[in-house]
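In what follows, a single structure is set out as structure tokens and then discussed.
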Amino acid sequence: MDRHSEPHFSKQSPIFYAGDDLHVVKQHRVQEALAAAGLDALLFFKAEAVRYITDFYVKGFRPFMEPEYVVLVVKGKPPAVGYVSGSDDLRIRFKSDIEDARRLPRLAGWADVIGGMISDYGLGRARIGTDLMPFMVYEGLRRQFPAATFSDAGAIWSRLTAIKHPAEIALIREAVRVADIGMSAAAAAVGPGVSEHTVSAEAVYAMRRAGSEFEPFIPLVASGYNASMFERVATEKIIAPGEMVILDIGAVVRGYAGDLGRTVMCGEPTSEQKAIYRATRLALEETKKVIRPGVTCEMVDARARAVIEAEGWGRYLYSGNTGHQLGYGLHGDPLVHKCVDFEIVENMVMCLEPRIVLPDRPDIGGVHLEDVVVVTSGGCEQINQSPHDERLIA
């Protein structure tokens, strides 16, 4: 096997960001998932998968897709990692317990290095589950190993990461606590003449001071006509009196994400603004009443949609999902969506986020509300604390 070479350094015991005990738990879970799926190996390319499996803090954990790592997990063996950046030569040595780490060339040559890994581990005829494998890598591996089979491991990843260990839940609670701090700072910054960028900056500053490692997504601050279309970033737009302002804020603590959303008013709301807020909040509260072990994601989604339609705003109902899992990645599977029949179980952590947007009524805006819940044996527990805007509730 290709292992670290010159120069020679003594191997130190790494300190894992999520804790040594949780590191062991996750590696055991991955092996259990391999055995249950009847696969010989997993080959993952997503940064969150590499970090989840190895607890190696992959190069800043960038919030955009840029292939820089691959992790190979063979049944009964520790994970092997491929990496691009030369700075990881030392980081992997001192910040992880990865023993087999191989330098990757430009993407066009990845198949050769990964092929060497597959050959070294005797996987030439193996059943290998994978995620976002680049097509050129797939083609190269198929040519080298025509007897191997590659299959979609998406369902394995969903089941592996959806049900949280108590230590993971504790870290998510802390990340949500920090996100609550950011939400408070953002809401306090909203006012006439203030830019969306300024509101976003206040949230980020507060969260970083409170211990957030980075933002798992660009903080969303959408006011007025931006709220009516659910603009996904903060812009240079200046907030004006009478505008609804959507805030979607996230933080990361030891790799685990917190994500929540609120809508606040700049000034006094109109009756229509109060009405769409009431419908969205009612949908949010009703979804929490539905959640319990045995209920499916599509049933939760259906309840939120039924409430908004009953309130008379079905025309403006957001067409996407009503929520997602929260944890190591941000928008984890399974989604809370009308086409997802995944059965909810205890210790899942879910973001619920019904919304109403009015693209043809920028004078009204839009509403997005998002709470985080932990599934319990008899229902769910909300773990975020951010209050609602009393002006919109009255």
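The values are calculated or read from the model by the stated rules, or taken from the named source; none is laboratory data. For clarity, every value in this text was computed on a predicted model and none was experimentally measured. Methodologically, a virtual Cβ is constructed for each residue, glycine included, from the backbone with ideal geometry; neighbour enumeration extends over all protein chains shown. We work out accessible area using only protein heavy atoms, side chains counted, and drop any ligands, DNA or RNA first. Shrake-Rupley method; radii C 1.70, N 1.55, O 1.52, S 1.80 Å.
For segment 221-258, how many residues are among the small types (Gly, Ala, Ser), part of a loop (DSSP other than H, G, I, E, B) and closer than 16 Å to PRO269 by Cα?
3
All of PHE150, PHE214, PHE230 fail the test of being closer than 30 Å to ARG361 by Cβ and in contact (Cβ under 8 Å) with a residue 40 or more places away in the chain, apart from PHE230.
Every residue in segment 182-227 that is among the charged types (D, E, K, R) and surrounded by fewer than 17 Cβ atoms within 10 Å (Cβ to Cβ), please. Within segment 182-227, ARG208, ARG209 qualify.
In summary, strands (runs of 3 or more DSSP E) completely within segment 281-394 and bearing 1 or more residues that are of a type in the set (Gly, Ala, Ser) occur at 323-325, 332-336, 366-368. Of all residues in segment 223-262, those being at negative phi and either of a type outside the set (Val, Ile, Thr) or in contact with a His (Cβ under 6 Å, 6 or more places away or on another chain) (or both) number 27. Taking every residue in segment 369-394 that is farther than 23 Å from LEU330 by Cβ and pairing it with any residue that is in a strand (DSSP E or B), at least 6 positions away or on another chain, the pairs with Cβ-Cβ distances below 6 Å are ASP389/VAL264; ASP389/MET265; ARG391/MET265; LEU392/MET265.
Take TYR57 and tell me if it is of a type outside the set (S, T, N, Q), touching a Gly at 6+ places or on another chain (Cβ under 9 Å) and assigned to a loop (DSSP other than H, G, I, E, B). Judged against the criteria, TYR57 is a match. Tally the residues that are of a type in the set (D, E, K, R) and open to solvent by 20 Å² or more (accessible area, probe 1.4 Å), restricting the search to segment 238-256. Going through segment 238-256 one residue at a time, the tally reaches 2.
Quick one: would you say ARG292 is open to solvent by 10 Å² or more (accessible area, probe 1.4 Å), out of contact with any helix residue (DSSP H, G or I) (no Cβ under 6 Å at 6 or more places or on another chain), touching a residue at least 24 places away in the same chain (Cβ under 8 Å) and not β-branched (Val, Ile, Thr)? Taking the combined requirement at face value, the residue satisfies it.
For LEU90, the test of being among the aliphatic types (A, V, I, L, M) and over 26 Å from the mean Cα position of the chain (by Cα) is passed.
Yes/no matrix, rows are residues, columns are (1) modelled with pLDDT of 90 or more; (2) touching a strand residue (DSSP E or B) at 6+ places or on another chain (Cβ under 9 Å); (3) not β-branched (Val, Ile, Thr):
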residue: ALA35; (1), (2), (3): yes, no, yes
residue: VAL50; (1), (2), (3): no, yes, no
residue: ASP55; (1), (2), (3): no, no, yes
residue: VAL74; (1), (2), (3): yes, yes, no
residue: PRO78; (1), (2), (3): yes, yes, yes
residue: GLY86; (1), (2), (3): no, yes, yes
residue: ILE98; (1), (2), (3): yes, yes, no
residue: ARG102; (1), (2), (3): yes, yes, yes
